[in-house]
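Reviewing the structure listed below.
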């Protein structure tokens, strides 16, 4: 659970399931939006996805764009 809290602390992810709050709007159904959490900026999702795929931490913008392009070709 520490990983999730770290992402929340750094404003990489936001928590969507805050009890007692009325939702003013719904987030679209996208890859970076989950049931309880969403990435603050979609590029964080793609950066993390590229890191996992390439099995390295220091990915560059070119690698992230390639991952996005590869995914859109699959869909």
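The values are calculated or read from the model by the stated rules, or taken from the named source; none is laboratory data. Remember, it's a predicted structure, so these values are computed and weren't measured experimentally. Counting neighbours? That spans all protein chains shown, and the Cβs are built from the backbone with ideal geometry, glycine included.
Count of segment 27-60 residues, restricted to those that are more than 23 Å from residue 6 (Cβ to Cβ) and in a helix (DSSP H, G or I), is 0. When every residue of segment 27-40 is checked against the conditions, none turns out to be in contact with a helix residue (DSSP H, G or I) (Cβ under 6 Å, 6 or more places away or on another chain) and modelled with pLDDT of 80 or more.
Return yes when residue 70 is more than 23 Å from residue 10 (Cα to Cα), without any contact (Cβ under 8 Å) to a residue 24 or more places away in the chain and surrounded by 10 or more Cβ atoms within 10 Å (Cβ to Cβ) and no when it is not. So residue 70 fits the description; yes.
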